[in-house]
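Scroll down for the structure; my scribbles are underneath it.
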Ligand code: M6R
């Protein structure tokens, strides 16, 4: 049932305050300031021997994995590689018993992801998953799993099953750092305090839906859109572009912003709007200079910017405002206006938002 919403996708976007609360519920022990995920069987891992984690996933889940690499390497200091499952499974990857394969999957039935898990298992690796569908293969065929607790996702375009694993990956990173003895009690409670703010921050973004809809009306007839991001928000550029292309059929590409001068900047003219993910973080200055370069070439620029950023609003044609957040949490917040924008553009174009052409919710064949 869609309730008061026109489409499941819109409903699922709005469910994210609840789904993100749920994915943390029962895992954060506020009394002892610790994180507990018993289904992961983390105590079986010998962190002294662990060589690295290989994240395998497809599509939106792969984007979540790319954010996870940042979080795990930054917080837990464990090397992470992120692979597209369909590539990993045929590459004879260098994996052994001292690696963890971490699969991310909403459905838990994606053929390539399951095959990548199997490949890892054959080579002796520990296999973990972050999965939404309860009882799915990717939940059952593991040494440990994290349940996203996002609830069923009907819309083909993933929304709440993107943000839930971002929170799970953050919790996992903190938990592993703690097991390795890297965190003081104060650092641990700081990490926990920051992630606990996420549902409210997401709620603030949802309250701004009407502002995003007005911007959607301005860009609904564009034929192209270029998304740029850097650092931990680079995968958010990829995810924003995927959302737009899969439901609105607008050609959207994403690039790490530093790559612009190596080719894609040639595309920029007045018919190529640029979406820059520009929260307050350590990549901010670099992103500002990309925005200036796009403007200098006649491009229209939309930015995802932090409340109060007058420099961003003076440079950009349009701003998708997000509330201030800890930089490691920014991806969860910054993706919200991009989901809402893609949704409204597709709805305004009169398209079948929940069931886009040529796509299936669960890709059970390769
Ligand atoms: O069920 P999975 O998370 O394994 O699905 C992987 C992709 O097919 C999926 O994330 C897809 O890219 C999204 N539905 C796109 O919005």
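The values are calculated or read from the model by the stated rules, or taken from the named source; none is laboratory data. This structure is a prediction, so every number in the text was calculated from the model and none was measured. For neighbour counting, all protein chains shown are included, and Cβ atoms are generated from backbone atoms with ideal geometry for every residue, glycine included.
Observations on the model:
- Some residue of the range 351-358 being free of Cβ contacts under 8 Å to residues at least 40 places away in the same chain, within 16 Å of the ligand (Cβ to nearest atom) and either in a loop (DSSP other than H, G, I, E, B) or in contact with a helix residue (DSSP H, G or I) (Cβ under 8 Å, 6 or more places away or on another chain) (or both): yes
- Scanning the range 37-78 for residues that are surrounded by fewer than 19 Cβ atoms within 10 Å (Cβ to Cβ) and within 16 Å of the ligand (Cβ to nearest atom) yields a total of 0.
- Residue check, residue 108 within 16 Å of the ligand (Cβ to nearest atom), touching a helix residue (DSSP H, G or I) at 6+ places or on another chain (Cβ under 7 Å) and modelled with pLDDT under 95: no
- Any chance residue 32 is surrounded by fewer than 22 Cβ atoms within 10 Å (Cβ to Cβ) and either touching a helix residue (DSSP H, G or I) at 6+ places or on another chain (Cβ under 7 Å) or in contact (Cβ under 8 Å) with a residue 60 or more places away in the chain (or both): no
- Test result for residue 144, without any contact (Cβ under 8 Å) to a residue 40 or more places away in the chain, in contact with a strand residue (DSSP E or B) (Cβ under 9 Å, 6 or more places away or on another chain) and away from the ligand (no atom under 16 Å from the Cβ): no
- Hey, residue 346 buried (at least 16 other Cβ atoms within 10 Å of the Cβ) and within 16 Å of the ligand (Cβ to nearest atom) or not: yes
- Pick from the range 118-140, criterion in a helix (DSSP H, G or I) and within 11 Å of the ligand (Cβ to nearest atom), ranking: nearest to residue 47 (Cα to Cα): 138
- The single residue among 115, 157 that is within 10 Å of the ligand (Cβ to nearest atom) and either within 25 Å of residue 2 (Cα to Cα) or in a helix (DSSP H, G or I) (or both) turns out to be 157.
- Filter result for residue 191 (modelled with pLDDT of 95 or more and in contact with a strand residue (DSSP E or B) (Cβ under 8 Å, 6 or more places away or on another chain)): no
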